[in-house]
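Student: Provided herewith is a single structure, encoded as structure tokens, for subsequent inquiry.
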Amino acid sequence: MAEKDYPTAPSAWIARFAPLIPAGGEVLDLACGGGRHARLLAGMGYRVEAVDRDAEALAGLAGMAGVTVRQADLEGGPWPYYGCGFDGIVVSRYLWRPLMPQLFNCLNEGGVLIYETFMEGQQLHGRPSDPAHLLRPGELLELIGRRFAVVAFEQGEIGGEKPQVIQRVCARRGRPGPLPL
């Protein structure tokens, strides 16, 4: 899939909650595709690690200030972030359940997870339609468990020109506490 096939505008959900990531922190943009969120986050002053298996899409981020690019097969290769810690993790339109424990372990205490992807019901509107790539109702909340304080959660159908059925969460690792306004 070429970069032009990826969405270019940042997700409104991710843009809304990105300021909760600790200022100047390091952020992992997992399965970043064409880099729409890496660009947004770097523009906000974060240091971004943008990872995807699509080398052509990643090429559009090469040399961008504040962005480090890594090509990796997240589903078939080794997890490239053992021992790494991030102040923020952003995931949009991607689900690979076996990766969740490693992903969550990379979030530093006080770090912010912003995750959104498709859920059951999306198959009525198109791709993805494989249940392996669709969350069950409430599944993100189950996956993050007690080690995360939920800031916001939504699930359901989003209408418009191209309806989608999504689930999304913003959560902070660690105990609940005041969030920056």
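Student: How would you rank ASP29, ASP54, going from fewest to most other Cβ atoms within 10 Å of each one's own Cβ?
Tutor: ASP54, ASP29
Student: So, one more: Quick one: order VAL169, VAL151 by neighbouring beta-carbon count within 10 Å, fewest to most.
Tutor: Arranged by neighbour count, lowest to highest, VAL169, VAL151 become VAL151, VAL169.
Student: Take the Cα gyration tensor of region 10-173, multiply each eigenvalue by 5, square-root it, and list the three semi-axes largest first, rounded to whole angstrom.
Tutor: 23, 18, 16
Student: If you don't mind, another one. I need the phi-derived Karplus couplings for region 61-67: 6.51 cos²θ - 1.76 cosθ + 1.60, θ = phi - 60°, integer Hz, Gly and Pro marked x.
Tutor: 9, 4, x, 6, 4, x, 10
Student: Which distance in nm do the two modelled labels at GLU75 and ALA9 give, with both placed 7 Å along the Cα-to-Cβ direction?
Tutor: 2.8 nm
Student: If you don't mind, another one. Nearest 0.05, what FRET efficiency do MET100 and VAL150 give at R0 = 25 Å with Cβ-Cβ as r? It would help to have the intermediate numbers written out before the result.
Tutor: Details: r = 16 Å, r/R0 = 0.63.
The formula returns an efficiency of 0.95 here.
Student: In addition: Taking the number of other C-beta atoms within 10 Å as the exposure measure, put THR68, THR117, THR8 in order starting with the fewest.
Tutor: Details: THR68 14, THR117 21, THR8 11.
Placing the least packed residue first, the sequence is THR8, THR68, THR117.
Student: Can you figure out the FRET efficiency of ALA65 with LEU124, using R₀ = 45 Å and their beta-carbon distance, to the nearest 0.05?
Tutor: According to the calculation, E is roughly 0.60.
Bear in mind that the values in this text are calculations on the coordinates, not laboratory data. Note that this is a predicted model, so its numbers are computed, not measured. All Cβ positions, glycine included, derive from the backbone under ideal geometry; neighbour counts span all protein chains shown.
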